[in-house]
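Trainee: For reference, the structure I am asking about is given below.
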Amino acid sequence: MEEVRNSQGKLVCRVDKSSKTVEIVLKGCTTLICFSDNGQISVTNKDKAA
């Protein structure tokens, strides 16, 4: 996965071009955005394990 950073050098998200996936982690919550070939977008949210 390729890391995307803002102007302050902080990690914003990670992008996987081969699987067309964007992963965003914020305060222990992971959001996974997947783009399919037919144009649909799938969003999955996972809370950190307690």
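The values are calculated or read from the model by the stated rules, or taken from the named source; none is laboratory data. Here the structure is a predicted model, which means the values were calculated and not measured. Every residue, glycine as well, gets a Cβ built from its backbone with ideal geometry; the counts of neighbours run over all protein chains shown. Accessible surface is based on the protein model in full, side chains and every heavy atom, while ligands, DNA and RNA are left aside. Shrake-Rupley method; radii C 1.70, N 1.55, O 1.52, S 1.80 Å.
Trainee: Would you mention how many residues in the chain are basic (Lys, Arg) and in contact with a Lys or Arg (Cβ under 7 Å, 6 or more places away or on another chain)?
Mentor: So the answer is 0.
Trainee: One residue is enough: does segment 10-24 have a residue meeting the conditions touching a residue at least 12 places away in the same chain (Cβ under 8 Å) and among the polar types (S, T, N, Q)?
Mentor: Checking segment 10-24: at least one residue is touching a residue at least 12 places away in the same chain (Cβ under 8 Å) and among the polar types (S, T, N, Q).
Trainee: Oh, and also: Tell me, which strands (runs of 3 or more DSSP E) wholly within the chain include 2 or more residues that are in contact with a Gly (Cβ under 8 Å, 6 or more places away or on another chain) and open to solvent by 100 Å² or more (accessible area, probe 1.4 Å)?
Mentor: Where strands (runs of 3 or more DSSP E) fall fully within the chain, none carries at least 2 residues being in contact with a Gly (Cβ under 8 Å, 6 or more places away or on another chain) and open to solvent by 100 Å² or more (accessible area, probe 1.4 Å).
Trainee: Same structure again: Pairs under 6 Å by beta carbon, first residue free of Cβ contacts under 8 Å to residues at least 24 places away in the same chain and under 17 Å from VAL12 (Cα atoms) in segment 29-40, partner part of a strand (DSSP E or B) and open to solvent by 50 Å² or more (accessible area, probe 1.4 Å), six or more apart or different chains?
Mentor: THR30/LYS46; THR31/ILE24; THR31/ASN45; LEU32/THR44; ILE33/VAL43; CYS34/SER42
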